[in-house]
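See structure below.
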Amino acid sequence: DVSSPKHGKVDPNNMPHVGGNMWAGGTGGRDTAGLGGKGGPYRLDAGHRVYQVPQAEKDAVPEEVKRAAREMGEKAFKQRLKEIQMSEYDASTYERFSGAVRRQVQSLRIILDNLQ
């Protein structure tokens with residue numbers, strides 16, 4: 001069961017963590033920042049294979065936990081904007097321009113990676 005969203009512990013060795021509710025950047029778990037899980041406050045990719053929790057489990061997360069996760073994610077987003085000295089307006093403008101060329105940038109990255 002989910003209880004309350006949190007960032008989670010950071011693994012100094014960046015080992016892959018699947019399931020549970022302890023590690024930040026894990027996959028398929030609960031309550032912590034990561035990918036493929038349920039009840040976490042925001043997505044956090046540690047570069048490992050992603051394991052997905054079934055959608056039915058994600059849908060069953062209580063509304064108060066979803067609300068707390070959204071609030072925590074919004075707070076982390078605003079803190080990150082402050083750290084990089086960016087306003088919410090700047091972020092939305094950046095996202096608008098970035099989104100327009102996202103596919104082309106991804107294609108260019110693939111080409112450059114292959115050339116290396």
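The values are calculated or read from the model by the stated rules, or taken from the named source; none is laboratory data. Source: prediction; values computed, not measured. Virtual Cβ from ideal backbone geometry, glycine too; neighbours counted across all protein chains shown. We work out accessible area using only protein heavy atoms, side chains counted, and drop any ligands, DNA or RNA first. Shrake-Rupley method; radii C 1.70, N 1.55, O 1.52, S 1.80 Å.
Below are the figures for this structure:
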| item | result |
| --- | --- |
| Odd one out for R49, checked against (1) part of a helix (DSSP H, G or I); (2) surrounded by 10 or more Cβ atoms within 10 Å (Cβ to Cβ) | (1) |
| Residue in the range 65-79 that is in contact with a strand residue (DSSP E or B) (Cβ under 6 Å, 6 or more places away or on another chain) and under 29 Å from H17 (Cβ atoms) present | no |
| Matching residues in the range 80-91 - criterion: being surrounded by 10 or more Cβ atoms within 10 Å (Cβ to Cβ) and not acidic (D, E) | R80, L81, K82, M86, S87, A91 |
| For M86: the one exception among (1) more than 25 Å from G36 (Cβ to Cβ); (2) part of a helix (DSSP H, G or I); (3) touching a Phe, Trp or Tyr at 6+ places or on another chain (Cβ under 8 Å) | (2) |
| Subset tally (residues that are open to solvent by 90 Å² or more (accessible area, probe 1.4 Å) and over 20 Å from M22 (Cα atoms)) for the range 52-63 | 3 |
| Test: residue in the range 14-21 that is more than 17 Å from V65 (Cα to Cα), in contact with a Ser or Thr (Cβ under 9 Å, 6 or more places away or on another chain), without any contact (Cβ under 8 Å) to a residue 60 or more places away in the chain and open to solvent by less than 20 Å² (accessible area, probe 1.4 Å) | no |
| Every residue from the range 45-74 that is of a type in the set (A, V, I, L, M) and in contact (Cβ under 8 Å) with a residue 60 or more places away in the chain | V65, A68, A69, M72 |
| Residues satisfying the stated conditions in the range 95-105, i.e. open to solvent by 90 Å² or more (accessible area, probe 1.4 Å) and either farther than 21 Å from L81 by Cβ or in contact (Cβ under 8 Å) with a residue 12 or more places away in the chain (or both) | R103, Q104 |
